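Just below is one structure, and these are the notes that go with it.
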Amino acid sequence: MRLPLIFMACSAWLSATSAWGADRTLSVTIYADDLALVQDRRDIDVKEGRQRIEFQDVSAQIRPETVSLAAADISIIEQNFDFDLLTPAKLMEKAVGQEITIVRVNPATGAETREQAQVLATNGGVVLKIGQRIEVLRDDGLPVRVIFSKVPDNLRARPTLSVSIIGARAGTRRATLSYLTPGLGWKADYVALFNESDAKIDVQGWVTLTNSSGTTYDNAQTLLVAGSPSQADGGAANNYRPPPRRSTLQVPGTASGNRERLGDYYLYPLAERTTIANLQTKQVSFLDVHGVPAEHGYEFRNRWLGTAEMPVSAKSIYSFSTSAHAGLGDQLPAGILRFYMRDKRGDPQFIGESRIDHTPMGSTLSLATGDAFDVKVHAVVEKRTRIATFDWQTDMRYELTNALPRSVVVKLRQEGLWGDSSIKAESQKSTRPSAEVAEWAVTVPANGKATLTASFETRY
Amino acid sequence: MRATPRVCAMLGLAVGAASRPASVLAAEILAEPPSDLIVTVYRAPYRNGGSIDLDDLQGFALISETRIVHLPAGRSRLRFEGVADGIEPASAIITGFAGGVIEKNRDARLLSPAALVAATLGKPVELLRTIRKTGKTERQTGTLLSDADGVVFQTPQGIEALRCSGLPETFSFEPVSGLSARPTLSVEVRSPRAETKQVTLSYLARGFDWAADYTATLSDDGKSFDLGAWVTLANSNGVGFPSAHTQVVAGTVNRANGEEEVEPIDIGGPMLAQCWPRGSTSDVSEIRMFKLADDEFKANAPMPMAMRVASLQEVVVAGAKNVQQEQLGDLKLYRVPERTTLASRQSKQVRLMDRTGIPVNTVYGADVDVEEDDAVSTPAHRLLRTKNSAANHLGLPLPSGGVAVFGAVGGQRLLEHESDLRDTAADEEVEINMGESPDVQVTANKEKVSIDRAPDLLPLVPGVSLRSVKIGAANRVAISNARASGIEFDLRLQLEAGARVVRADHALGAKNGRPIFRLHVPANETVTVRYQIQRTAERILRTP
């Protein structure tokens, strides 16, 4: 008598998940800033009248306010996102006042005794009413199985989206469910192999997709958008901005490629359908260029009044172009560029990496890979003299050393020249790329040193 | 350690058996275990000097694995099992395919009890329940309904929660696809024909570090020392690298994602965590019971990465054959001469260098703020100073690391001080900090000088004109030496911007833009330095 009832309850629970369609087309558009648009096209069976359709295979991080369901001849009453999870404790809690079946198992014989019980309370322990007696469940420690007849309506194994609709007519039809979700993101990763003998680089670009949304997207048509539409609320969590970095983009490009665009964003569609599994990192190639000329140099930036007790390493810099001729010939989505170089045995070795921003085609990039072991600069404030109340003279000395067996050129930048700063004397001619910066290109001989002195007058 | 090929092959078969819908089905191929390995260890990028911390290895490594793959014609999914746990999947490079790589994947989900339950959710599962007394096992088919904080399942009898009845209960699962035993990287490739190829997989992985560990032994007279060094490298990954070409790279490389965490590997939480409240009438507190159960799960669950590293203990000293240095761009590469096995959770030492008879100066010194007037004596600091030049039996790049300085007492070698050494290029000055010396004390204070007491004036510093100087308070620094030998002492002053020393009773020099008195303090004596400074404001008033 009881069993058919249970089967009915159970089959109803399962049938609510009927939106698992076999003929399903998923398309996923991923933006660069932890945001994705999922469009899920599938056939759904609709009865005539009011009904509820459950979607269990949507992103676990779905933003329910962005959900829209479109299909012919239906009208939507309401959408619900249930996140009350089915746990043993919840199951027992929701059974308060209801009948459950307990099965006592005799530890000596294994014999089972079935009884009906009413759950009175679950505060700390489970209190049952059996017949006219009150008992605490498993108070004696003996085995007792508890069997519930059904799962309460709201409890789910995973957060679940359900849509209540009214069907104008019964039948199967194509429906499109679309929503926004965080948890999916992408960035670019570049591999650059620098060939020291002819100063050329080979660059490969990979799109790296990450999925931590809690759901697997099977066989999805995937489109990547190089740009981040501002989010009204989602962006608020990411207010932290790292301190300003050395600018990598030296000359912004002005060339146009043949990539598809959405507004001002470039689009990178994946050539084939792919499965984006949960907790998976996936990489797909989008760039492969060989023999691009690259320049290797050194750079040292001294902050205003920067004095070091010991020499400090100069930065090792690689620069190249993204133009169509003598360059990479593509616009580069933001990501990390890793440099490699071959060692004496011919094995590629990692020599440092640098982050780049979205870079238009035709730009010149200058990337720091790390500190040069053998090229160092010792900057010292020799003297500060007050000429007048708001007029100071600062004498700087820079000692550059090079332990390499070849001569190098170090681009030495003195930064922080604010106010009316001018150079009164210098041992080598400087340039002023901006009011704040004086720059020298200092040649340091092989296994030798060079000294640069400069005297700044600062009026304010 | 890596599993044998046979185990890998079996896993591959098991995984290949159950898989995704036919439309995306690509043959699952398992790459053979690496036939050749190259491991290059990089230092923690922001650690400037000092030894490594075995409990928290902040460096990384570039790992290149050469593997044989047997590809069928067409599209296939190639799995590389047993990559390092700390793999940065975005850095993986695979070379050697003719048809090209369609995509690369790293699946972070490992095979664990919790992952099994999660993968079986909503699917049929077999429940095993055993009666303790009779030993009889009852098998029942059901469906897993939930694994949120405890497991709920359904059988034809109704809905039950696992392990809440007090009976021994467990599940027997059907084979699950997509979960691997060890960290795995997979690639989808297309091959024009069936072939056997040798491919190379390279990637960066966290959980490595290295440092140079120097030992300096001072001679009896303290005028020279012998310098020896080990390269200490360590691997806190759960994967070992047998018979690998091993090298370390000195110098600081940029890490753009230094602040980001590597995408974590999901090792799975404890399964079967909770039931409904199980308090009884005799309980004092039911919380204790849960805690005990929780501890039990923790004991059985795989340890998280950070905890496992703490058990890194094995230290292996490879034979005393020096590493070979070569230039790598602007970095220094040190090659371990022979293939070596870098096992999981192991630290290893290889000889870097041995040099003897390096002349050294012991210099005492103090930095004195001219505003200081507290007459409290402070111990002077002590430095060993030498030049990294060929004339001094050095003249080679010295990678950063820790230095242990030993001295000899009555023929016995004793540790004097431990300090750090930064990256030092050839022909640079080397300074080894030797801590403070209680025998050499520095006392700074000001003394009142009356305008009227002209005879007590200090001599003018050369280049300072008499007219521009007024007489004010003088500063006095006393340096006392309780050692049985004379010492060299560097007294450096800290001045405000624009101020200068105008009168002093000792010769004045400059170092790094700051005034310095280079003094000799004889044995068991005190030397007093007196000087006067002039501030900016005074100067503007006086000089037209």
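The values are calculated or read from the model by the stated rules, or taken from the named source; none is laboratory data. On a predicted model such as this, the values are computed, not experimentally measured, just so you know. All Cβ positions, even for glycine, are placed from backbone atoms using ideal geometry, and neighbour counts span all protein chains on display.
Looking only at residues in segment B:116-129 that are facing chain A (nearest Cβ under 10 Å), at pLDDT below 85 and at negative phi, which one is surrounded by the fewest Cβ atoms within 10 Å (Cβ to Cβ)? Steps first, answer last, please.
Going residue by residue through segment B:116-129, those that are facing chain A (nearest Cβ under 10 Å) are B:118, B:121-122, B:129.
In the following step, the residues that additionally are at pLDDT below 85 were identified as B:118, B:121-122.
When the remaining residues are screened for being at negative phi, the result is B:118, B:121.
Details: B:Ala118: 21, B:Leu121: 17.
So the residue we want is B:Leu121.
Take A:Lys424 and decide whether it is more than 11 Å from A:Ala450 (Cα to Cα) and without any contact (Cβ under 8 Å) to a residue 24 or more places away in the chain.
Spelling it out, it is not the case that A:Lys424 is more than 11 Å from A:Ala450 (Cα to Cα) and without any contact (Cβ under 8 Å) to a residue 24 or more places away in the chain.
Let me confirm something: among A:Arg114, A:Arg138, which residue is farther than 30 Å from A:Val38 by Cβ, surrounded by 15 or more Cβ atoms within 10 Å (Cβ to Cβ), within 13 Å of another protein chain (Cβ to nearest Cβ) and of a type outside the set (Phe, Trp, Tyr)?
When all the criteria are applied, what remains is A:Arg138.
May I ask you to verify whether A:Val289 is in a strand (DSSP E or B), more than 13 Å from chain B (Cβ to nearest Cβ) and either within 25 Å of A:Asp198 (Cβ to Cβ) or touching a strand residue (DSSP E or B) at 6+ places or on another chain (Cβ under 6 Å) (or both)? Please lay out each step first, then the result.
On the way: in a strand (DSSP E or B): yes; more than 13 Å from chain B (Cβ to nearest Cβ): yes; either within 25 Å of A:Asp198 (Cβ to Cβ) or touching a strand residue (DSSP E or B) at 6+ places or on another chain (Cβ under 6 Å) (or both): yes.
Against the criterion (in a strand (DSSP E or B), more than 13 Å from chain B (Cβ to nearest Cβ) and either within 25 Å of A:Asp198 (Cβ to Cβ) or touching a strand residue (DSSP E or B) at 6+ places or on another chain (Cβ under 6 Å) (or both)), A:Val289 qualifies.
Can we say A:Asn154 is without any contact (Cβ under 8 Å) to a residue 40 or more places away in the chain, surrounded by fewer than 20 Cβ atoms within 10 Å (Cβ to Cβ) and among the polar types (S, T, N, Q)? Step through it out loud before you land on a result.
Values: without any contact (Cβ under 8 Å) to a residue 40 or more places away in the chain: no; surrounded by fewer than 20 Cβ atoms within 10 Å (Cβ to Cβ): yes; among the polar types (S, T, N, Q): yes.
In short, no.
For segment B:342-434, please list each of the strands (runs of 3 or more DSSP E) lying entirely inside it that holds at least 2 residues being without any contact (Cβ under 8 Å) to a residue 12 or more places away in the chain.
Fully inside segment B:342-434 and qualifying: B:412-421.
Can you work out which of the residues in segment A:96-111 that are at the interface with chain B (Cβ under 9 Å from one of its Cβ atoms) and part of a loop (DSSP other than H, G, I, E, B) is surrounded by the most Cβ atoms within 10 Å (Cβ to Cβ)?
If we take residues in segment A:96-111 being at the interface with chain B (Cβ under 9 Å from one of its Cβ atoms) and part of a loop (DSSP other than H, G, I, E, B), then A:Gly110 is surrounded by the most Cβ atoms within 10 Å (Cβ to Cβ).
List, please: which pairs have Cβ atoms under 8 Å, are six or more places apart or on different chains, and start with a residue in segment B:133-162 that is facing chain A (nearest Cβ under 8 Å) and end with one that is surrounded by fewer than 17 Cβ atoms within 10 Å (Cβ to Cβ) and aromatic (Phe, Trp, Tyr)?
B:Pro156/A:Phe7
Which condition does B:Gly100 not pass, out of (1) within 11 Å of chain A (Cβ to nearest Cβ); (2) surrounded by 21 or more Cβ atoms within 10 Å (Cβ to Cβ), if it passes all the others?
Going through the list (1) within 11 Å of chain A (Cβ to nearest Cβ); (2) surrounded by 21 or more Cβ atoms within 10 Å (Cβ to Cβ), B:Gly100 breaks only (2).
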